[in-house]
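Below is one structure, written out as structure tokens; comments come after it.
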Amino acid sequence: MSNGFLHLGVAGLSRNTLKTHNVTLPMGSLSIGVDNIRHDVFLSPKFVQIARDYLFDLIRQNASNSYLSGIEFRSNKPADSSTFRKVLADLLRNALTTAKHQKNMEIDLLFRLAILKFLTSELQNQFANVILDGKEYIRKRGEYFERSQQAHVIKARLTEMQSARRDVLRLIGQTVAQIVIDIEENLVMKARKALFG
């Protein structure tokens, strides 16, 4: 960040070679945050908790057949995508409304970047929580169980899941990205065009 602009380096794929592209997003009219480097964005605690629960359940659900069979998790509910979609859509609409009232599209842009950054980092955190829950399941069953054949099988599967981390996160990331794209294209983009052209 310099001179009120956010600079992003993006790698483009062309015939199996990576090239660097720079994208400049204007942020000159926004106030710098408390660290005098970045802009501060505060996400709703309700959204944060729903997103965390959804990502945890989605990772657990997608990995349960391959890596997590035999583990009883703290919650075995299916991932609730409808609640996640609704809260995310409301949050994006509220950001757009705030940008409209302040007549500053940069607020909407910054908010969308903050949500994407949060979801990306939270994917990593919830993946780690799923692994931790698997280990906790073994530990809570007692010392005798920890030495059993079943515990060794579960530990091996957890290790396999950690090795396949990139693939698991890519699959979940694609699911979450599709939800964000659907909300953008079907709900928010029309309102954004109406307000800002």
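Numerical summary
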read-out: Filter result (not in a helix (DSSP H, G or I) and not hydrophobic (A, V, I, L, M, F, W, C)) within the stretch 76-111; value: ASN76, LYS77, PRO78, ASP80, GLN102, LYS103, ASN104
read-out: Unique residue being over 25 Å from LEU88 (Cα atoms), assigned to a helix (DSSP H, G or I) and touching a Phe, Trp or Tyr at 6+ places or on another chain (Cβ under 8 Å) when the list is ALA151, ALA156; value: ALA151
read-out: Inter-residue pairs, beta-carbon under 7 Å, first touching a residue at least 12 places away in the same chain (Cβ under 8 Å) and within 19 Å of ASP90 (Cα to Cα) and in the stretch 105-127, second among the aromatic types (Phe, Trp, Tyr) and part of a helix (DSSP H, G or I), 6+ apart; value: MET105/PHE196
read-out: Residue ID - nearest to GLY134 (Cα to Cα), chosen from residues in the stretch 157-197 that are among the basic types (Lys, Arg) and either modelled with pLDDT of 85 or more or surrounded by 14 or more Cβ atoms within 10 Å (Cβ to Cβ) (or both); value: ARG157
read-out: Among (1) in a helix (DSSP H, G or I); (2) more than 18 Å from ASP182 (Cα to Cα); (3) at pLDDT below 85, the one test that GLU122 misses; value: (3)
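Yes or no, residue by residue, for (1) at pLDDT 90 or above; (2) within 30 Å of ALA191 (Cα to Cα); (3) not assigned by TED's automatic domain parsing to the domain that holds VAL153:
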| residue | (1), (2), (3) |
| --- | --- |
| ALA51 | yes, yes, no |
| LEU58 | yes, yes, no |
| GLN61 | no, no, no |
| TYR67 | no, no, no |
| ILE71 | no, no, no |
| PRO78 | no, no, no |
| SER81 | no, yes, no |
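The values are calculated or read from the model by the stated rules, or taken from the named source; none is laboratory data. Small disclaimer: the values here were computed from a predicted structure and weren't measured. Positions of Cβ are backbone-derived with ideal geometry, glycine not excepted, and every protein chain shown enters the neighbour counts.
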